[in-house]
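Working notes, beginning with the structure itself.
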Amino acid sequence: LSLSVQRLNTEWHICQINGSAALEELNTASVELNTQPLDEQTTCHRHVVKQSKKPLLVIPALADRPVVTRPLTPFLLHPGQEARLFVSTTIWLQVYAYSSGPLLLDIPTRRPSDSWFGPSTREGDVCYAARTHARLELADVPLRSFRAITPVKIANKGTEALTLERLLLPIPNLSVFAAKNGSLWTEELSIVCDEGMTSAHLNLAKGAPSMAAAAQRLAGPRTPLERGVLTRALGAIFG
C-alpha cells in the first residue's frame, strides 16, 4: 500500500494505490515528507476539515472482521497436550485528521480474501481468510511491518486428539502493541478444550504478551469484550 496525504487550506487530500510486490519483499514501512502526491488516476479521497495546525495521526489497527486462519499443514494436538502457535494477520491503517478525530480513512495494507465460517450457508459469519505456517517457535516467525502477531495457546483437556485444520480468531476484539524491535503484536489468546470435546473456553490475556519486549499499546480493540473469558462450541472455533 502506498498512501499520499496533502493538507490543503480546508481539506485533506488522500490518495492510495495497492502494489503487487511479493510478500517476502514487504518487510519495512517508510514515511517521506515533502514529496509529490500520488497520481490522480489512483483512488483519491477529499475530506473537508476546517483549518487546524494539529498534526495528522496515522495508527495501525486490526481487521474489522474475524479471521479464519488455515495452517499450511494441519496437525494433531493429542489429549493432555498443549501448544502455543504464532499466527500473524494483516494490519489496517487508520488516518485521523488529528488525535481526537475525525477518522478520514480505515483501509487494509493488503486486503485479505473474504471467507465464510459456520456450519451452513444460513448460519455463520463473513470473515477474512488467511493462510499461516502456525509456527511453534518465535524465532521462526518472520517480522513484517504489515502484519501483527497473535500468540494462541491451545490446551486439549479431552480424551481425543484435536485436529487443527482451521481456527477462527476474534481479531476485532484485540489490541495492537508495538515491541521495542518494531514488531506488532496483539494480546495472547488462550483456548482450553473441555473433557467432552464439545466446547472450549477462550481467555483473552490483559496487555501485551511477555515475548513482546517493552511493548507499547498503539490501538485498542474495535469491539471490546465485556468479559475476558468466553465459552463457545468447539465447532465455532475450529470449524
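The values are calculated or read from the model by the stated rules, or taken from the named source; none is laboratory data. Since we're looking at a predicted model, the values are computed, not measured. Positions of Cβ are generated from backbone atoms using ideal geometry, with glycine treated the same way; all protein chains shown enter the neighbour counts. Accessible surface areas use protein heavy atoms only, side chains included; no ligands, DNA or RNA. Shrake-Rupley method; radii C 1.70, N 1.55, O 1.52, S 1.80 Å.
Among the residues of region 151-160, the one identified as in contact with a Leu (Cβ under 6 Å, 6 or more places away or on another chain) and either among the polar types (S, T, N, Q) or modelled with pLDDT under 90 (or both) is ASN156. Does any residue of region 199-217 turn out to be open to solvent by 10 Å² or more (accessible area, probe 1.4 Å), without any contact (Cβ under 8 Å) to a residue 24 or more places away in the chain and among the hydroxyl-bearing types (Ser, Thr, Tyr)? Taking every residue of region 199-217 in turn, at least one turns out to be open to solvent by 10 Å² or more (accessible area, probe 1.4 Å), without any contact (Cβ under 8 Å) to a residue 24 or more places away in the chain and among the hydroxyl-bearing types (Ser, Thr, Tyr). Applying the set (1) open to solvent by less than 60 Å² (accessible area, probe 1.4 Å); (2) at pLDDT below 90 to ARG70 leaves exactly one unmet item: (1).
When region 81-134 is limited to residues that are out of contact with any Pro (no Cβ under 9 Å at 6 or more places or on another chain) and among the charged types (D, E, K, R), the one that is surrounded by the most Cβ atoms within 10 Å (Cβ to Cβ) turns out to be ARG110. Screening region 83-138 for strands (runs of 3 or more DSSP E) wholly inside it with 2 or more residues that are over 12 Å from ALA63 (Cβ atoms) and modelled with pLDDT under 85 returns the ranges 125-132. If you check LEU168, LEU143 for being at pLDDT below 90 and in contact with a helix residue (DSSP H, G or I) (Cβ under 9 Å, 6 or more places away or on another chain), only one passes: LEU168. Under the condition of being surrounded by 18 or more Cβ atoms within 10 Å (Cβ to Cβ) and either outside any strand (DSSP E or B) or at pLDDT below 90 (or both), the residues counted in region 38-64 number 3.
Of all residues being surrounded by fewer than 22 Cβ atoms within 10 Å (Cβ to Cβ) and β-branched (Val, Ile, Thr) in region 155-190, which is farthest from the chain's Cα centre (by Cα)? Just the residue, please. Going through the qualifying residues, I end up with THR159. Scanning region 9-34 for residues that are at pLDDT below 70 and either of a type in the set (D, E, K, R) or open to solvent by less than 100 Å² (accessible area, probe 1.4 Å) (or both) yields a count of 7.
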